[in-house]
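A.B. asks: Next up is a structure, given as structure tokens.
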Amino acid sequence: MLRYLLIRALSLSLSLVVASIVIFAVIEVIPGDPAAFMLGLNATEDAIANLRAELGLGGSLVERYVSWITGMLQGDFGTSYTYRVPVGELIADRIWVSLPLAIFALILSTLIAIPVGIIAATNRGNGGDFAIMGLTQLGIAVPNFWFAMLLVLLFAVTLSWFSAGGFPGWDNPGPALKSLVLPAIALALPQASILARVMRSALIETLDQDYIRTARARGLSRGETIRRHALRNALIPVLTIIGLQFSFLLAGAIIIENVFFLPGLGRLVFQGITQRDLVVVESVTMLLVFAVIVVTFLVDIAYAIVDPRLRRK
Amino acid sequence: MTRLPPALLIGAAITLIYAIIALISLVWTPYDITNLQVSNRLQDWSATHWLGTDQLGRDMVSMLMEGARTSIAVAIVAVGIGMAVGVPLGLAAAANRGSLLDEVIMRGNDLIFAFPSLVIAILITAIWGPSATNAILAIGIFNIPVFARVARGGALPIWTLDYILAARTAGKTRTRISAEHVLPNIANLLIVQATIQFSLGILAEAGLSYVGLGAQPPTSSLGRMLSESQTMIYSDAWLAVLPGLAIVILVLGLNLLGDGLRDALDPRLRRARG
């Protein structure tokens, strides 16, 4: 187990290093002079020179990369060029929208998908299963931001149950939570569809096992067999997918936050892109990638703890 | 071969219809969408404009045809990039199993897999400038590890078979065996995966275009139409509903086609499911 942990931790660090190099390269090397890019076409030579000094562009690529990384490791994400505040502060502000949104969506998706998947698996081959499978096919095919637009159309424009966008802040928990309902549903729908299908096939596979037949032969009822034996084993792959979906939700929130004008990390990245604020884009992207890679790592570890067979490879 | 499953037929029919529409749009659309007629804007459905016109007076049928063509073209080229680079990598990894080459290829793939693709795609298109070409590249890069993995996984068991041994005894090189004997035998797997990646590509293109990082005017794409219609959703919801429906039906068709092909091409699966 220790060996497995070590190997995984090593590959985690490697992923992070490569990811940071890719992001650094895309942002600071490819566009030519970042300072000129940020200031646009009409910038004077002096302004560019000043910004170059401010961004520390004087040093070599390696120096800049190292100072960026060591800064981030110490919690210094640089200073936003447009907001004139530390990027760390911006992130600390926005993360309290993105993180609750992702968690909300994850809970929704799990609460919907697991029962639906169980119903489909236990009714395998009949009308209910067919209908559920059809609906999940549809759920996978729907772009979540378009679904979000439809939700706005129905619940905000036609029924006026929810506001069409914006975020009142956590000072008013009720309205704040309410403003996350539609975005969370939009994010959760495709994920729930995938998860329900995973739940169904995992349970069907488990139900075909010999120990299930043994349990039935011992006189356990069908429901009890499913609850006590099948479900427990079928949940392992489902839990993995739930873990992996968290990172999808965090990244997927980028587009959804823009549909609902939520002041989260996704909107921060986009504002950074449109305002050419490379410091913001670079640091927030790295943070998102970091979150995704770390969550994936934790899921792998949790999986190996639950299923010893996986440690061997 | 037994009777084809209905899902496969429905999926194939939907895909075929879109393909035909996209091809027709190359030579003919009911109206020219680069010809803006603001006086003609937001028309209702009628005999002259079957699905009405948008806020700039462009015919919606023509917009949908052109939009579908752009989306399909982006997804096809992105899948092409993934296959052209990924399949040879996967085959090379399988042919030299356990070698340094195999290790490097597979670990490199793990790395790309770990990346949140949407974030990086947004980054690439943002910095290189939003365009259909950069959207293709951003989507295509993430198709490479998918195809490498499928090709390697499919090729590994084939390398243990007797006819491969025979070919090796006959003096064929590993590269030649990969091309002549392994590749044809994993074609099924690759076709199924291509269908799945194609549908993911349509969704990814829509997402990128929606946030303004895909096709640029005057080119239309289904995602772009959604983005342009977002402000109109309060008054003219159809402008947002139609392109979305077009995406959903196409992706649904491709997914059904992919699932159906997988079942039809792999008899073992069919029996297990039966």
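A.B. asks: Among the residues of the stretch A:233-245, is there at least one that is more than 9 Å from chain B (Cβ to nearest Cβ) and farther than 26 Å from A:Leu189 by Cβ?
C.D. replies: yes
A.B. asks: Let me ask something else about it. All but one of (1) among the aliphatic types (A, V, I, L, M); (2) out of contact with any helix residue (DSSP H, G or I) (no Cβ under 8 Å at 6 or more places or on another chain); (3) within 14 Å of chain B (Cβ to nearest Cβ); (4) over 23 Å from B:Val248 (Cα atoms) hold for A:Ala121, so report the exception by its number.
C.D. replies: (2)
A.B. asks: Look through the stretch A:190-206, keep the residues that are touching a Leu at 6+ places or on another chain (Cβ under 9 Å) and more than 12 Å from chain B (Cβ to nearest Cβ), and return whichever of them is farthest from A:Pro100 (Cα to Cα).
C.D. replies: Among those that are touching a Leu at 6+ places or on another chain (Cβ under 9 Å) and more than 12 Å from chain B (Cβ to nearest Cβ), it is A:Thr206.
A.B. asks: Of everything in the stretch B:41-84 that's surrounded by fewer than 17 Cβ atoms within 10 Å (Cβ to Cβ) and of a type outside the set (A, V, I, L, M, F, W, C), which residue is nearest to B:Ser199 (Cα to Cα)?
C.D. replies: B:Gly80
A.B. asks: Here is a follow-up. For a quick check of your reading: which helices (runs of 4 or more DSSP H) sit entirely within the stretch A:182-292 and have at least 1 residues that are within 23 Å of the chain's Cα centre (by Cα) and closer than 30 Å to A:Ile95 by Cβ? Before the answer, list the steps.
C.D. replies: Values: elements: A:210-217, A:222-225, A:231-259, A:265-274.
Correct list: A:231-259, A:265-274.
A.B. asks: Across the stretch A:131-162, what is the total count of residues that are farther than 24 Å from B:Pro243 by Cα and either among the hydroxyl-bearing types (Ser, Thr, Tyr) or within 9 Å of chain B (Cβ to nearest Cβ) (or both)?
C.D. replies: 1
A.B. asks: Is at least one residue of the stretch A:66-77 within 28 Å of the chain's Cα centre (by Cα), at pLDDT 80 or above, aromatic (Phe, Trp, Tyr) and not in a helix (DSSP H, G or I)?
C.D. replies: The first filter runs over the stretch A:66-77 and keeps only residues within 28 Å of the chain's Cα centre (by Cα), leaving A:66-77.
If we keep only those that are at pLDDT 80 or above as well, we get A:66-77.
Cutting the leftovers down to aromatic (Phe, Trp, Tyr) gives us A:68, A:77.
With not in a helix (DSSP H, G or I) added as a condition, the list becomes A:77.
The answer is yes; a qualifying residue exists.
A.B. asks: Might you check whether a residue that is more than 14 Å from chain B (Cβ to nearest Cβ), out of contact with any Lys or Arg (no Cβ under 8 Å at 6 or more places or on another chain), closer than 30 Å to A:Arg197 by Cα and aliphatic (A, V, I, L, M) occurs anywhere in the stretch A:77-100?
C.D. replies: There is at least one residue in the stretch A:77-100 that is more than 14 Å from chain B (Cβ to nearest Cβ), out of contact with any Lys or Arg (no Cβ under 8 Å at 6 or more places or on another chain), closer than 30 Å to A:Arg197 by Cα and aliphatic (A, V, I, L, M).
A.B. asks: Can you tell me which of (1) of a type outside the set (A, V, I, L, M); (2) within 12 Å of another protein chain (Cβ to nearest Cβ); (3) outside any helix (DSSP H, G or I) is the one A:Asn42 doesn't meet?
C.D. replies: Status for A:Asn42: all satisfied but (2).
A.B. asks: Taking the stretch A:115-150, which residues are farther than 21 Å from A:Pro183 by Cα and β-branched (Val, Ile, Thr)?
C.D. replies: Correct list: A:Val116, A:Ile118, A:Ile119, A:Thr122, A:Ile132.
A.B. asks: Among helices (runs of 4 or more DSSP H) lying entirely in the stretch B:78-181, which contain 1 or more residues that are within 30 Å of B:Gly223 (Cα to Cα) and within 14 Å of chain A (Cβ to nearest Cβ)?
C.D. replies: On the way: elements: B:100-114, B:117-128, B:132-158, B:162-169, B:174-177.
Answer list for the stretch B:78-181: B:100-114, B:117-128, B:132-158.
A.B. asks: Filter the stretch B:195-230 down to residues that are surrounded by fewer than 21 Cβ atoms within 10 Å (Cβ to Cβ) and either away from chain A (no Cβ under 11 Å) or among the aromatic types (Phe, Trp, Tyr) (or both), then give me how many there are.
C.D. replies: Number of matching residues: 4.
A.B. asks: Any idea how many residues of the stretch A:130-154 are farther than 16 Å from B:Gln230 by Cβ and free of Cβ contacts under 8 Å to residues at least 40 places away in the same chain?
C.D. replies: Qualifying residue count for the region: 4.
The values are calculated or read from the model by the stated rules, or taken from the named source; none is laboratory data. Treat the numbers as computed from the prediction; the structure is a model and nothing was measured. Here the Cβ is made from the backbone with ideal geometry for all residues, glycine too, and neighbour counts use every protein chain on show.
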